[in-house]
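Below you'll find the structure, written out as structure tokens, and then a few comments.
Just so it is clear, none of the values below were taken in a lab; they were calculated from the coordinates. Keep in mind the model is a prediction, meaning the values are calculated, not measured. All Cβ positions, glycine included, derive from the backbone under ideal geometry; neighbour counts span all protein chains shown.
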Amino acid sequence: MADQDTTEDAQVDEAPPTVNSGNEAELLLRIEEMVKTHITQIDNLQEEITKRKEMVDDIFGNDETYQEHDKIAKEAAKIRSGTKAQIMKRPDVADLTSKLKELKSEQSDLKTGLSDYLREYQRLSGSNEIEGDDGEMREIVYTAKLVKRTFNFKSK
């Protein structure tokens, strides 16, 4: 089966290349190029989004009716925040919010543990699916994202 020609310009909906020639180095270079192309496209779109958002914000900033309504909304928000702060000081509410924080922390820990267990289950079983106690089949899905590297230098 002959390889189809691939273009250097990666499309947003382009599927990753498959290994049919066994040349993993070439595949790695192609994937790296696709990653770089996507990063460039994402950065360009972000610039365009920022530009358009600023234009929309300027329109709202120059509309007198909107500005008047915004001022009224901000005053109402201040009153609401003050009321909320007073309610949050009540002992019963403080206890509930403390318990809520504990529950969310426990849930986060369980999700982290589940992720570790699923990774190990997939490695050992070779399967991307697992059946839950309810009999429902679930698929193991991973999400990768790219973040800029930051270096924290401590100066003394």
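When L146, L118 are checked against the criterion of being exposed (fewer than 10 other Cβ atoms within 10 Å of the Cβ) and touching a residue at least 12 places away in the same chain (Cβ under 8 Å), L146 stands alone in meeting it.
Do we find a residue being under 30 Å from K36 (Cβ atoms), in contact with a Lys or Arg (Cβ under 9 Å, 6 or more places away or on another chain), of a type outside the set (A, V, I, L, M) and assigned to a loop (DSSP other than H, G, I, E, B) anywhere in segment 125-135? No; the residues of segment 125-135 include none that is under 30 Å from K36 (Cβ atoms), in contact with a Lys or Arg (Cβ under 9 Å, 6 or more places away or on another chain), of a type outside the set (A, V, I, L, M) and assigned to a loop (DSSP other than H, G, I, E, B).
For a quick check of your reading of the model, give me the residue pairs whose first member lies in segment 61-86 and is within 30 Å of T97 (Cα to Cα), whose second is part of a helix (DSSP H, G or I), with beta-carbon atoms closer than 9 Å and at least 6 apart or on different chains. Going by the 9 Å Cβ cut-off, there are no qualifying pairs.
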